[in-house]
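The values are calculated or read from the model by the stated rules, or taken from the named source; none is laboratory data. All values reported here derive from a predicted model rather than from experimental measurement. Cβ: placed from backbone, ideal geometry, glycine included. Neighbour counts: every protein chain shown.
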Amino acid sequence: MAPPHGTAAANPNRLAAYSDASTHAAQNLQGWLHGVLEPALDAYLQGAATRSDGTNIDLRAVHALLGAVRSDLPRHVATVYYTDRDVHRVGTLFAEAGRAGHLPVTSMSPTGSSGLLDSVVHTDDRTLDAMAVKDGAALATSLDPHNLPPGKSLTDMYLSRLAEHADDALFCAGFFGATGYERLVQLGLPWNAVTKQALVSALRSGALGDKAVGDLVSYLQARPGNPDPDPSVFSAVAADPQAAARLTAYLLGNGARLKALLSAPTAFSQSVLRMLTSAESTMSVEETQRLLKVLGSNLPPMSLREEQARAGDLGAFLTMGANRLLGPLPAHDPKNSYRITLGGWADCYGDMLDKAVRPYEMWLERIYEENKRSHQEARDLVENFAAGVASAPINNPLLAGAFGATFGYVEGRVIDPALADKWSLGPDSPRTALDPRNFLRQAAFLNLITKVYAGSGAENGLPAGSRQDAGLQHVLRLAAAGKPLDERAHKWIAGNGNGLQRALTLVGNGGKPDMDPVAYQWLIGHPLPIAPDGNFEDLLHGLGSNYG
Amino acid sequence: VTQPEDHANYDFTAAQELSALLAEAARRVDEFADNRARWRADQLDRPDEKWQGGRRRSFDQAVAPQQRTLHDLATRVRQLRSAVEAATEQARAIRPRPR
């Protein structure tokens, strides 16, 4: 990310001297670790290998520490190397700023041992940012295809130069901002570790315009000679939520592009969905609403099998969206009963989920309608979708339950065509037990209870402490699956009723003794029977009927 | 836990060499971190030529935890050395299996 703007000063030669000394030492250390220590570790472990009869010296303590020395240490030395290598690059930017007029540089100006200016340059961060972008842009056109070293292609030369700057966000933004689609084709850059890192850096910079992002999307959709798009590019972007957010912002304004990407071969469109999920993880409630809407209205027609292959990733996207839509618990407004505030919050959440999920339900319905001759296939599809949702890496199993229930509804329709007339979900249609909206509202309230129980209310989903509570997880999984509570669940509830009530009290009154008595009664009374004996099962089953 | 009557399959020479190298590794890592701090003071923090600005702040934010991690890793290397030496002591205590 670009540093904040402000005044800046440095002696370029000093920066280069620091960088050169440290990177040289880091390289020496790394060489010694790989060349001397690692073989000694191997020799030791080989000499102390467990025999086939299992008897040997107890090396558990050794093995417990091996990872830190064999992997963590070299990796960290490499990180330090790159941090300090970049200092030389900053020195170059200061020197360029000096030459650009921020310091009177003459032929008599001192030059340090690094070859850079040996005098303090006073400038500002904005100028240095512009220098970095300009340097990147200059690279886009600077290499002469007629003046290459023997045996080197233009592509090789560019890859080599780009590798030196692949994690320099502004340089990469300058480079990709200046290439354009035609130049990218001319350079023939492959998508490898260097170009993918450079792309991620450029997207992360926030300095890449829509035209440049569009050119890059075109290039990664189909390079000449490589008609199949490479899914690893979007996967690399997905690994950096900030970069993913930039690419997603472009796609939000280009729905047709998004549709084309999702219509691409399976592995590629899966990587697109993962990238969108990554971006979604950074989004506000409003941004999430928009993304869900745009993707929902751009889902391309698919065969059952195509959809089936995307179901897991789409499920992960939807559940991430459902979590992001939650937002924080509402603050206690002393003018209103907290009961009303909480009720309004949950209703609002339920409505948002209704609207957000509806296009996806319609999409699934279309697939079913188009394949109604194959009930078994449709059933498989829905089961696969529900399984994908349930196994998606989400924070809150209750939401998986909500979506599982929604798709369970679709499945119910496949199994029993008599339910078809209840599919219509107009505003006045009766809400049956199979109406997805009931499940969504249940999800809203179960989420509320989860958050309240944890005493957090700050973050979406289950807080870390609760995630580690295997007993709570077990209860929630049963509730999400609509299964009766078993002995283990009852045992957990019996042992945690007080904790649940304490958490409710804390969240309800912000830890102060002047909690709204109406809110408190609402929280601990029917239909939320949070008595010390914790009738959690009634609570879970009661929510649907009260808030359907 | 190994019992005294168990036999040991243990290369004492490799263990001795590794122990010495682990001691050297820990020293090298600490020395690298210390040198880095010294170069930083000498080159980047000179009163009349101090590096300033947003990139300096980003650099400082990256370096502080890196330095702590370097010293932590040196400690881990020393702990590994202790574990190797404990294993060696264990091997020495085991009687050779009768042939």
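For the reader, a short list of remarks on this structure follows.
- Qualifying residue in region A:168-177 (condition: in a loop (DSSP other than H, G, I, E, B), at pLDDT 90 or above and on the phi < 0 side of the Ramachandran plot): yes
- Residue in region B:8-28 that is surrounded by the most Cβ atoms within 10 Å (Cβ to Cβ), counting only those that are facing chain A (nearest Cβ under 7 Å) and part of a helix (DSSP H, G or I): B:LEU18
- Taken over region B:46-71, the criterion of being in a loop (DSSP other than H, G, I, E, B), of a type outside the set (Lys, Arg) and surrounded by 13 or more Cβ atoms within 10 Å (Cβ to Cβ) is satisfied by B:GLU49, B:TRP51, B:GLY53.
- Of all the numbered requirements in (1) at the interface with another protein chain (Cβ under 9 Å from one of its Cβ atoms); (2) modelled with pLDDT of 95 or more, B:THR88 misses one, and that requirement is (2).
- Residue that is modelled with pLDDT of 65 or more, of a type in the set (D, E, K, R) and within 30 Å of A:TYR250 (Cβ to Cβ), where the choices are A:GLU307, A:GLU369: A:GLU307
- Criterion (of a type in the set (A, V, I, L, M) and at pLDDT below 80) met by exactly one of A:VAL80, A:VAL105: A:VAL105
- Those residues of region A:78-96 which are at the interface with chain B (Cβ under 10 Å from one of its Cβ atoms) and not aromatic (Phe, Trp, Tyr), in sequence order: A:THR79, A:VAL80, A:THR83, A:ASP84, A:ASP86, A:VAL87, A:ARG89, A:VAL90, A:GLY91, A:LEU93
- Top-ranked residue of region A:187-202 - restricted to ones that are in a helix (DSSP H, G or I) and of a type in the set (S, T, N, Q), ranked as farthest from A:SER160 (Cα to Cα): A:SER201
- Any hit, region A:119-127, residues being within 12 Å of another protein chain (Cβ to nearest Cβ), in a loop (DSSP other than H, G, I, E, B) and more than 30 Å from B:ASP30 (Cβ to Cβ): yes
- Count of residues meeting criterion [at pLDDT below 95 and either facing another protein chain (nearest Cβ under 7 Å) or closer than 28 Å to A:PHE94 by Cα (or both)] in region A:14-47: 3
- Across region A:67-77, the qualifying residues are those that are more than 7 Å from chain B (Cβ to nearest Cβ) and touching a helix residue (DSSP H, G or I) at 6+ places or on another chain (Cβ under 7 Å), and the one among them that is nearest to B:LEU18 (Cα to Cα) is A:ARG70.
- Test: A:SER52 is part of a helix (DSSP H, G or I), of a type in the set (Gly, Ala, Ser) and either out of contact with any strand residue (DSSP E or B) (no Cβ under 9 Å at 6 or more places or on another chain) or modelled with pLDDT under 95 (or both): no
- In the set (1) out of contact with any Asp or Glu (no Cβ under 8 Å at 6 or more places or on another chain); (2) at positive phi, the condition left unmet by A:LEU143 is number (2).
- Test: residue in region B:65-83 that is over 21 Å from A:ALA48 (Cβ atoms) and more than 15 Å from the chain's Cα centre (by Cα): yes
- Set A:SER263, A:SER303, A:SER297, A:SER281: member being surrounded by fewer than 20 Cβ atoms within 10 Å (Cβ to Cβ) and within 17 Å of A:VAL357 (Cα to Cα): A:SER297
- Pairs are defined by a Cβ separation below 6 Å, a sequence spacing of at least 6 or placement on different chains, a first member in region A:290-304 that is in contact (Cβ under 8 Å) with a residue 60 or more places away in the chain, and a second member that is of a type in the set (A, V, I, L, M, F, W, C) and surrounded by 15 or more Cβ atoms within 10 Å (Cβ to Cβ); the pairs so defined are A:LEU292/A:ALA356; A:LEU299/A:TRP363; A:LEU304/A:LEU381.
- A count restricted to region B:42-73 and to residues that are within 9 Å of chain A (Cβ to nearest Cβ), among the small types (Gly, Ala, Ser) and out of contact with any Leu (no Cβ under 9 Å at 6 or more places or on another chain) stands at 2.
- Within region A:347-356, the set of residues being under 19 Å from A:GLU287 (Cα atoms) and modelled with pLDDT under 75 comprises A:CYS348, A:TYR349, A:GLY350, A:ASP351, A:LEU353, A:ASP354.
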